[in-house]
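Trainee: Quick one: the structure is below, and I'll ask about it shortly.
The values are calculated or read from the model by the stated rules, or taken from the named source; none is laboratory data. Being a predicted model, the structure only gives us computed values, none of them experimental. Every residue, glycine among them, receives a Cβ derived from its backbone with ideal geometry; neighbour counts consider all protein chains shown. Remember, those area values only see protein heavy atoms, side chains included, never the ligands or the DNA or RNA. Shrake-Rupley method; radii C 1.70, N 1.55, O 1.52, S 1.80 Å.
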Amino acid sequence: LLSVPLITWLGSDSLPPDLFQEARHYLLGYAIGLPAITCMRILTAFMSLDSDRMRAFYSVVLMSAVNLIGDFLCISVFHSGLAGIAAVTSLSYYVGFADLLGHFRKHGIMLGITLKNLKWGDLWSVVKRGIPRGMLETAVLLHGIYINRILADISESALAGYSVQISLSFLTDAVIIGVAQAILVQGAMFFGEENREALGKLMRIAIQYEVTLVPVISLLCYLLAPFIAKLYLGTNFDAYALGINSVRWYAAALLFQGTNMLYAYYLQASGNLLYANLIYIVEWLVYTISIVSGFPHGSGAQVYRGISLAHVLTFVTIVIYLMVRNRHLRITMEDILALPKGFGFAKGDEVTAEIDSTKVNEANAKQIVVQVSEMVRSFARKKGIDERRANAASLAVEEMTSGIILKAFPETPGPNVLTVRAFTKNNELILLLRDDCDPLDPRKGLKMIKSDSPRPV
């Protein structure tokens, strides 16, 4: 309904009428996909929690394939312009979203979709946690307005070259945001458990993904820049040359941009909302405006370079801040996590045991279960937990660990680890059991319970 004033506000008021209409058509086509885009962002993060992490990956691959093939057909076969490209983008998200919905047709899933337990009282907590993401979206929006207006004043070709970078970001962000979303969901869970070790492991894995996958994507974008530019801009020589330049500068800074987002999402998960917001504002507004404004706006290439440099400088700023904050040059995982004082538990306040499936056999399985169970009972009594609760905790650990060792370990291919963790807080004993085995199908478990089994009174 507000497409015309929105396009004007976004910096397209100085464009020729035909290009203004194209921009409006693109906005309309993209707006159709907003429900799917939102739902996909929400559901992707939950797939790994429900033991279906590869579905999110396959959905992104499927979405990317639809986007690439659709864009090629729109430009080379149907000549449908920006309206067609935007419609394809929306269609690709609906295809990816439909694939994610297939998760809920699987047997044995633990998560479901329902409005039954929706509480409006929780809305403020959701909004508060989501403020950094909102800050990111706002910063990116203002960033886009500023860059659009500068490039429109330079030339239509400069603006067209930048549009290729934006379109390409929808594909690359699928990987970058996917890793960051996993950090957001699982990091918040581990932070709530005050599990320092798990947070460190999660960050190490995320960084490994980042430095392994993103450089490959960057290299492909750099090498394929002529093809990508031609796909979106056709044979217009000026726009084509700027499109290649835009893609290559974007690829050069992609690793820095992804790392900045990864860390900002971690800060959001760990409750450091102020620092998460600062990263977004500094990266997308302060540095971008300062650098681009400092360049003579003779060509779009100088603006593209300024945008990439802002991402690099933000990364450098984060590194320098961590060095200054921790007063040493070498940055450790402890420095990166930046956990508050008193976070976690002292050595005497928690015990942990890891059971490796490769070291368990029929002869020692029972002994391992008894040892872990006794470890929890002894720890509880030592920390002043009464005998009744200590014994109940010991029995619970014995039942669950033996069930996993006897059922989950043999039925899951490859090595697996079961972690049993017990800790005390405010005179409460808390047990955490986590394994990486195949998920339990609750329906299968229910079938094992015979209807004539004796029931407790």
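Trainee: If you go through segment 171-198, how many residues are within 15 Å of the chain's Cα centre (by Cα) and either surrounded by fewer than 19 Cβ atoms within 10 Å (Cβ to Cβ) or not β-branched (Val, Ile, Thr) (or both)? Let's see the steps before the verdict.
Mentor: Our first condition is that a residue be within 15 Å of the chain's Cα centre (by Cα); within segment 171-198, this holds for 171-189.
Right, trim to either surrounded by fewer than 19 Cβ atoms within 10 Å (Cβ to Cβ) or not β-branched (Val, Ile, Thr) (or both) and you get 171, 173-174, 178, 180-182, 184-189.
Looking only at that region, the number is 13.
Trainee: Among the residues of segment 112-125, is any touching a residue at least 12 places away in the same chain (Cβ under 8 Å) and touching a helix residue (DSSP H, G or I) at 6+ places or on another chain (Cβ under 8 Å)? Spell out the reasoning first.
Mentor: Just the residues of segment 112-125 that are touching a residue at least 12 places away in the same chain (Cβ under 8 Å), to begin with: none.
No - not one qualifying residue is present in segment 112-125.
Trainee: Could you run through segment 210-245 and say how many residues are crowded, with 18+ Cβ neighbours inside 10 Å and under 25 Å from the mean Cα position of the chain (by Cα)?
Mentor: Going through segment 210-245 one residue at a time, the tally reaches 5.
Trainee: Here's a follow-up. Mind listing whichever residues of segment 164-193 are among the charged types (D, E, K, R) and in a helix (DSSP H, G or I)? Give the derivation first.
Mentor: Of segment 164-193, the ones among the charged types (D, E, K, R) are 173, 193.
Across segment 164-193, the qualifying residue is only ASP173.
Trainee: Within segment 246-283, work out how many residues are more than 16 Å from the chain's Cα centre (by Cα) and open to solvent by less than 30 Å² (accessible area, probe 1.4 Å).
Mentor: Count: 8.
Trainee: Also, I was wondering about something else. Give segment 331-361 a look and list any residue that's within 29 Å of ASN426 (Cβ to Cβ), surrounded by 13 or more Cβ atoms within 10 Å (Cβ to Cβ) and acidic (Asp, Glu), or say none.
Mentor: ASP349, GLU350
Trainee: In the list LEU136, LEU115, LEU100, LEU141, which residue meets the criterion of being assigned to a helix (DSSP H, G or I) and open to solvent by 30 Å² or more (accessible area, probe 1.4 Å)? Before you say what the answer is, go through the steps one by one.
Mentor: Details: LEU136 fails: open to solvent by 30 Å² or more (accessible area, probe 1.4 Å); LEU115 fails: assigned to a helix (DSSP H, G or I); LEU100 fails: open to solvent by 30 Å² or more (accessible area, probe 1.4 Å).
The unique qualifying residue is LEU141.
Trainee: Looking only at segment 362-417, which residues are open to solvent by less than 80 Å² (accessible area, probe 1.4 Å), of a type in the set (S, T, N, Q) and either over 22 Å from LYS347 (Cα atoms) or in contact (Cβ under 8 Å) with a residue 12 or more places away in the chain (or both)? Let's see the steps before the verdict.
Mentor: At the first step, the residues of segment 362-417 found to be open to solvent by less than 80 Å² (accessible area, probe 1.4 Å) are 364-365, 368-370, 372-380, 383-386, 389-394, 396-398, 401-405, 408-409, 412, 414, 416-417.
Imposing the further condition that a residue be of a type in the set (S, T, N, Q) reduces the set to 364, 373, 378, 391, 394, 401-402, 412, 416.
Listed by number, the residues that qualify are ASN364, SER373, ASN391, SER394, THR401, SER402, THR412, ASN416.
Trainee: Something else now. Given the residues LEU1, LEU19, LEU27, which is the only one that is more than 29 Å from ASP438 (Cα to Cα) and assigned to a loop (DSSP other than H, G, I, E, B)? So that I can check it myself, show each step before the final result.
Mentor: Numbers: LEU19 fails: assigned to a loop (DSSP other than H, G, I, E, B); LEU27 fails: assigned to a loop (DSSP other than H, G, I, E, B).
None of the others qualify; the one that does is LEU1.
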